[in-house]
Every structure is written in C-alpha cells, then in structure tokens.
Amino acid sequence: VQLQASGGGLVQPGESLKLRCVADGASIFTPNDMAWYRQAPGKQRELVASITSSDITNYTDSVKGRFAVFRGNAKNTVYLQMNSLKHEDTAVYSCTINRFGTVYWGQGTLVTVSS
C-alpha cells in the first residue's frame, strides 16, 4: 500500500484548503481506518483527524469546527477540508491507513498559512 497526499499549498489566514489522500493498493470498495497527522517545524507529530471504517470521525480539539475529514466514493480515498486556517495550522500533513492491523504512512503535503 502506498499513500499519496496532495493539496497542500500557501494560503492566507482565514482561507481554506482541501487535502486528498489516496491509498494505492487498498480496496476502493472496502473502507479502512484512515487518519491525518501533521508535524509543524520543531514540534511533535500530532493526530489531526481520523475516520473509521464505519465513517466515525474524530478531531483534535484545535481543529474542531474548522476541519472535516470525509471519505470519497472510492473507499481508499479520504479528504481533509480545512477552513478558517490559522498560522498555527502550518505543518506537513500526512495520512495513514490501517489495514489488518498494519499502519501505512505516506509522504506528506506541506500546508503553509502566512499573511
């Protein structure tokens, strides 16, 4: 399984971005637990949002009400809609998939929020 995250970029505070993660090699019909993490410069990696195989979502407190994680029609694809972005959201965002107890990671996509 290889994960491809995309959609990052440079935005101003208050703007929006939508990240996309595709788990190549995973079934497009059978959903797995997937998640978005981020790592800001000089900080530890943190879990941002997750979605279970039953589409139950969870968010870290700092993004609740601003971010939304959802699955595409292809079950191996998840999105992270990020609204009202703040400077502190600047980070490399990576996605993961849990298949049969093994967690796979992909290379991240850089999100920079700057005025």
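The values are calculated or read from the model by the stated rules, or taken from the named source; none is laboratory data. Values in this document were obtained by computation on a predicted structure and should not be read as measured data. Reconstructed Cβ throughout: ideal geometry from the backbone, glycine too, with neighbour counts over all protein chains shown. We work out accessible area using only protein heavy atoms, side chains counted, and drop any ligands, DNA or RNA first. Shrake-Rupley method; radii C 1.70, N 1.55, O 1.52, S 1.80 Å.
A few points about this structure:
- Scanning region 27-53 for residues that are over 21 Å from S114 (Cα atoms) and over 17 Å from the mean Cα position of the chain (by Cα), we see that the one that is most open to solvent (accessible area, probe 1.4 Å) is F29.
- Among the residues of region 76-97, those identified as of a type in the set (V, I, T) and either surrounded by fewer than 22 Cβ atoms within 10 Å (Cβ to Cβ) or under 14 Å from T109 (Cβ atoms) (or both) are T77, V78, T90, V92, T96.
- Restricting the first member to region 51-73 and to residues that are within 20 Å of S27 (Cα to Cα), and the second to residues that are surrounded by 11 or more Cβ atoms within 10 Å (Cβ to Cβ) and among the small types (G, A, S), the beta-carbon pairs closer than 6 Å and six or more apart or on different chains are V69/A49.
- Across region 63-73, a minimum of one residue is classified as within 14 Å of the chain's Cα centre (by Cα), surrounded by 13 or more Cβ atoms within 10 Å (Cβ to Cβ) and modelled with pLDDT under 95.
- As for region 28-40, it holds at least one residue that is at pLDDT 95 or above and among the hydroxyl-bearing types (S, T, Y).
- Among the residues of region 1-14, those identified as assigned to a loop (DSSP other than H, G, I, E, B) and either open to solvent by less than 30 Å² (accessible area, probe 1.4 Å) or in contact with a Phe, Trp or Tyr (Cβ under 7 Å, 6 or more places away or on another chain) (or both) are V1, G8.
- Answer from S94, S62, S50 - the residue that is of a type in the set (G, A, S) and either more than 16 Å from L3 (Cα to Cα) or touching a Pro at 6+ places or on another chain (Cβ under 6 Å) (or both): S62
- Counted residues, region 98-115 - those being under 12 Å from the mean Cα position of the chain (by Cα) and open to solvent by less than 70 Å² (accessible area, probe 1.4 Å): 4
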